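Dumping the structure here so I can ask a few things about it.
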Amino acid sequence: MLYYLKIFTYANLVVFLAFTINAQKLAIEKRLININVSLTEIPSHEEVVRDWLQTDPAFKKLADSVIKVIGDRKVMDKIPLEVINGKFKLLLGKGQSEYVTADKYDNLEYIKKAIYKTWKERHIHSHRNKFNEILFETKGKTIDRKNKNSLIEIEIDSPKKLNDIPIPEFVGKGRVISSTELPEGVYIFSCIKMDKYYRQDSHKLSFSKMKNKWIANWELECTFGRPSDIGLEGILHLFVVDKKNRKKLIKYYMYPREDFHSSDEILSIYSLKLSIERSIPD
């Protein structure tokens, strides 16, 4: 009787440990996915990298440091953690196959450089040459670049979810909210990034004061691929700009482009990016 009890207890322990490791794996992978970092670019190598993430303290430290330096932001276009690791080792003067201890991954400046080098290798023609330029904010608020006391917010009623777009043509709806009165001639402009950046709709905002806020409703007609492009993924960019910078945006995105404009060229009062995808209708 005692023998069978031991076997039963051990079996349950194994199940419990397996469940715990799997839960940890899902948690950290989800955090990486949320900031646009995949485990690897090689599908057949995914389980190997996942095992490193579960069993190797150094690789786990790498993931933690990548998550830390990106914070509440997100990388523009997905990059692999495995390649970031290789770039980081090269910065240390190590070979890509050499083992690096966990404490080395405390060098957050090298982590940032490794992330940027990984991204740049995949976007060699991009003008972006700094770590912060390949990230975008995932929060819905930011400070006006011209007036540090002005708080601008873009609210989105639709599309809100990743799979909210079952058809290629859709209308985005929401409102722009400002805590200070904005000058006349403010526009909202939209652009979608798929394989390239595609200009969409724009229109002038009409603000009304409600209590201590200035609010403007907006609707933009957008096209996200063709009817056959079910499953496409992309990013909807929204910009709040003045008339001068709206003209610059229209000119810049007159034709589909590989690269994104620089804030040195075109100044947005506020901008927001939303990940979207085409889904199969129910």
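Every number here is computed from the coordinates shown, using simple stated rules; none is lab data. Predicted model only: the values in this text are computed from it and were never measured. Note: ideal-geometry Cβ built from the backbone for every residue, glycine included; neighbour counts use all protein chains shown.
Kindly state, to the nearest 0.05, the FRET efficiency for Met254 paired with Ser179, given R0 = 25 Å and r defined as their beta-carbon distance.
Between Met254 and Ser179 the formula returns 0.15.
Right, next: Starting from the Cα-Cα distance between Glu155 and Ile33, subtract it from 0.36 nm times their residue separation and give me the gain in nm to one decimal.
41.5 nm
Would you kindly derive the ³J(HN,Hα) couplings of the stretch 203-210 from the backbone phi angles with the Karplus curve 6.51 cos²θ - 1.76 cosθ + 1.60 (θ = phi - 60°), listing them in order in whole Hz, with x for Gly and Pro?
7, 6, 8, 10, 8, 10, 7, 10
With each label point set 7 Å from Cα along the Cα-Cβ vector, what nm distance links Met194 and Glu221?
Each label point is offset 7 Å from its Cα along the Cβ direction, giving 1.8 nm.
If you don't mind, another one. Using θ = phi - 60° and the Karplus relation 6.51 cos²θ - 1.76 cosθ + 1.60, list the HN-Hα couplings for the stretch 252-262 in order, rounded to whole Hz, with x at every Gly or Pro.
Residue by residue, the stretch 252-262 yields 5, 9, 4, 10, x, 10, 7, 10, 9, 6, 9 Hz.
While we're here: Can you give me the C-alpha center-to-center distance between the stretch 52-79 and the stretch 261-280, rounded to a whole angstrom?
Here the two parts' Cα centres lie 24 Å apart.
Non-local amide H neighbours of Ile276 (under 5 Å, H modeled in plane, Pro and chain starts lacking H): which ones?
Placed amide hydrogens put Gly234, Ile235, Leu236 under 5 Å from Ile276.
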